[in-house]
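The values are calculated or read from the model by the stated rules, or taken from the named source; none is laboratory data. Since the model is a prediction, treat every value here as computed from it, not as a measurement. Glycine gets a Cβ as well: all are built from the backbone with ideal geometry, and neighbour counts include every protein chain shown. The protein model used for the area step is the full one, side chains on, heavy atoms only, and it has no ligands, DNA or RNA in it. Shrake-Rupley method; radii C 1.70, N 1.55, O 1.52, S 1.80 Å.
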Amino acid sequence: MVAMLPACSPPPASSSQTSAEKSEESISVKTKGMQKYEGYFTYYWDEKEGKIWLEVDKWDKEFLYVNALAAGVGSNDLGLDRGQLGDNRVVKFQRSGNKVLLVQPNYGYRADSDNLMEQKSVEEAFAQSVLYGFKAEATDEGKALIDMTAFLLRDAHQVGNRLSSSKQGTYKPDESRSAIYLPRTKNFPENSEFEANVTFVGKDEGAYIRSVTPSADAVTVRMHHSFVMLPDDGYEPRSFDPRSGFFYMSYQDYATPIEKPLVKRLIARHRLEKKDPSAAMSEAVEPIVYFLDPGVPEPVKSALIEGASWWNQAFEAAGYQDAFQVKVLPDSVDPLDVRYNVIQWVHRSTRGWSYGASVVDPRTGEILKGHVSLGSLRVRQDLLIAQGLKAAYDRGDEVPEEALEMALARLRQLSAHEVGHTIGLAHNYAASVNGRASVMDYPHPLITLDVEGNIDLSNAYDTGIGEWDKVAVTYGYGAFDSDKEMIAVLEGAIADSLLFITDQDARPQGGAHPVAHLWDNGKSATEELNRVMKVRERALQQLSEKNIPTGAPLATLEEVLVPMYLFHRYQVEAAVKLVGGLNYTYAVRGDAQQPVKAVPGKVQRDALEALLATISPEALRMPDPLLKMLPPRPFGYPRTRETFRSRTGLTFDALSAAETAADLTLSLLFHPERAGRLVQHHAYDGTQPGLNDVLDALMAETWNARSRSGYEQQIQLAVRSLVLDHLISLAKNPATMPQAKAIAHARILDLRQSLSRKRSRGSNEQAHVAYSLMRIDQYLENPEEWEGQEVLDTPDGSPIGSGEMGCH
């Protein structure tokens, strides 16, 4: 690949100084008494003024500029974490008079050609970006000295924008409270590292920022900046294939012949070469090594090392011996040094996502650094789930080994997953239908019931790399003599029915793919939902004070209750995608994949039946012994985002919990995109259920079902109200297809007529009927002004056990 033509400004003369330079102070005089740091870029520390002075001696020579947060805010909601990588840009210094500009060339538009004028025509057609301007304060033999301090103390990571967009307040850097952080300002032969404490001041307006700062009007973080030598041209870019499972980078190549695609796509991957390219199995010229944060405690540390090391299995399948290694980071190495791939342990005030990010050469797609951030609270959440599934504290306060092992097993998988992102791999949400074929899926714990009906945790998570992962790594890193050999790897996976479907097709809101889901298990989403509901029932039946340690307030049993009561939530998301679903692949011309296949009508109806069972009064009621065990929250233990919301004040609100759970199912069934597909697919094929069929089944199980009494009656009325609200919302939603709007509107009129008859005849549910009629009339009279009833927020769920830039 040919780099872009350098900009036209010539470098300063090296043999004799210009007239401007002669009038300026020399670098040696200007820096007298300062501490000198020699390396990639030589710089000086002026302790008296608290400044960093950079000696620029590379003009029009491109290098990589990366910024990051060395010390973050500590809130998953704000997304400003320790070790978070920012943008990585190819930049260069240019000089005009006494001005020094940091310029970012535009690598989105290129001419991969040996014709310099062709390259220049593209370069001049598209804008570049000047990231910063400096003044040459001293010069010496073609070098210029610039004051870097303001550059390092600015909001390079857009912290102020993040706080503002999350409605936490308006914050700006305060120079008087910001300073260079010298302990992490270092120099090396191929990279120069700078760090600064940057304090943002402003008026706090949000609970998130107040919860994690000692004084919310002054938020101090550490920003890290790296100037890095770009790699040599020995890296061989590899073409992107949508079936490969790799992330990609793209650009427009105007040197491409007009009969070929203008857009070039390359996969993101590390540089890896065999010592012996002809050998079926060979050591690597330079192995890929990941370093684990030494601050991770045991037994977590060993679990993370083991999980990350699973990737060596995939590289062995690709023909490498010991090409992927995991070690503990030495004390002498800075984790933000771009020469090292790291797995960092990140603390937050609440559980949250983990991330797998990378520093990538924007010119070629070469991954220069993998940077994994793992949330430290995830293991505690998995332990809580295990605690709810088993009588974990049967003997008092000692957690059984099987519960701890389940939590550690999840951490092994998490470590492997996030490292997978940093070696270039995207999520594969279709892996669970092939028996856990990829660690790049989101795994729900596979909990089973033994022959006696007892909960079994022993197979909750997988214990190694998956078959799909081996295929992907072989495609991305294997040594091939031709593109045909490389493509054959993917064709072999297709023949073995190893599917790859990623983020864009797996999300439950409006998603249509029947096998690509988050946090699911099994070949059939419907069968797994029915099975999970049995596990959930068993877990709720046995929930007691033995699920919390001796000495814990009884009210904290609610923290264990939440993930048990909502244990089915992700399998609901999977099963609902069968309704109005469409099976498809990332097929390319000439492969053996069937690009589109309708989900059979019976499969959709079975899924609908299973989904409706989740909103039945039997499924939504809580066991009576459990309700008698939950007192109001005691002093010092308020409700949190992890507990159910309440409309009954201090007391536990079982009806609102039921409403919350029912809404998980109904909000997905009534999604306007799903409604539109139901209309269309039924029109194409009458054997598939249409929107009317789905509404018939919903009304039969809710408004037209036999009336219950007592507790179950109140659950039934709450669900009926939700159905009405979702029906009206579907009818008035601008995103709903007109044909679906018409069907929903007709159903509202039918319901009004039915309720009017009930009221005239008298009913045991007169109050509910009258209120529902009033709400229908409000919609009919003024649909634009109609608003649905508030459904209390669902307690935090995804990321389960703690999330998707490659992250979860």
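Observations, loosely collected:
- Condition check for M229: crowded, with 17+ Cβ neighbours inside 10 Å and in contact with a Leu (Cβ under 7 Å, 6 or more places away or on another chain): no
- Subset of region 430-464 that is of a type in the set (V, I, T), part of a loop (DSSP other than H, G, I, E, B) and under 23 Å from the mean Cα position of the chain (by Cα) - its residue that is farthest from R238 (Cα to Cα): T463
- Count of region 549-570 residues which are open to solvent by 10 Å² or more (accessible area, probe 1.4 Å) and either touching a Gly at 6+ places or on another chain (Cβ under 8 Å) or not acidic (D, E) (or both): 11
- Options K48, K36; residue that is assigned to a loop (DSSP other than H, G, I, E, B) and open to solvent by 10 Å² or more (accessible area, probe 1.4 Å): K48
- Tally of residues being touching a strand residue (DSSP E or B) at 6+ places or on another chain (Cβ under 9 Å), assigned to a loop (DSSP other than H, G, I, E, B) and over 30 Å from H417 (Cβ atoms) across region 234-259: 3
- Being closer than 26 Å to M486 by Cα, touching a strand residue (DSSP E or B) at 6+ places or on another chain (Cβ under 7 Å) and either modelled with pLDDT of 90 or more or not aromatic (F, W, Y) (or both) is a property that V338 lacks.
- Any hit, region 597-620, residues being at pLDDT below 95 and either surrounded by fewer than 21 Cβ atoms within 10 Å (Cβ to Cβ) or more than 28 Å from L557 (Cβ to Cβ) (or both): yes
- Some residue of region 298-316 being under 25 Å from the mean Cα position of the chain (by Cα), in a loop (DSSP other than H, G, I, E, B) and aliphatic (A, V, I, L, M): no
- Where strands (runs of 3 or more DSSP E) sit wholly within region 55-140, those with at least 3 residues that are touching a Leu at 6+ places or on another chain (Cβ under 9 Å) and open to solvent by 20 Å² or more (accessible area, probe 1.4 Å) occupy 85-96, 129-135.
- Of all residues in region 260-277, those that are over 23 Å from D481 (Cβ atoms) and part of a strand (DSSP E or B) total 1.
- Here the condition is being surrounded by 24 or more Cβ atoms within 10 Å (Cβ to Cβ) and either more than 24 Å from the chain's Cα centre (by Cα) or assigned to a loop (DSSP other than H, G, I, E, B) (or both); of H427, H417, it holds for H427 alone.
- Beta carbons closer than 7 Å, at least 6 apart along the sequence or on distinct chains, pair a first residue in region 300-317 that is open to solvent by 10 Å² or more (accessible area, probe 1.4 Å) with a second that is of a type in the set (S, T, Y) for A317/T474.
- Residue among S756, S721 that alone is of a type in the set (S, T, N, Q), open to solvent by 10 Å² or more (accessible area, probe 1.4 Å) and closer than 25 Å to V679 by Cα: S721
- Taking region 611-678 as the region of interest, the helices (runs of 4 or more DSSP H) fully inside it that hold 1 or more residues being within 32 Å of the chain's Cα centre (by Cα) are 617-620, 654-669.
- Single residue of Y181, Y208 found to be of a type in the set (S, T, Y) and within 13 Å of A70 (Cα to Cα): Y181
- Any hit, region 42-49, residues being touching a strand residue (DSSP E or B) at 6+ places or on another chain (Cβ under 7 Å), modelled with pLDDT of 90 or more and within 30 Å of E236 (Cβ to Cβ): no
- Output for region 194-218, where each listed residue is closer than 30 Å to D337 by Cβ and either polar (S, T, N, Q) or modelled with pLDDT of 90 or more (or both): F194, E195, A196, N197, V198, T199, F200, T213
- When we screen L620, L666, L630 for residues that are among the hydrophobic types (A, V, I, L, M, F, W, C) and in contact with a His (Cβ under 6 Å, 6 or more places away or on another chain), the only hit is L666.
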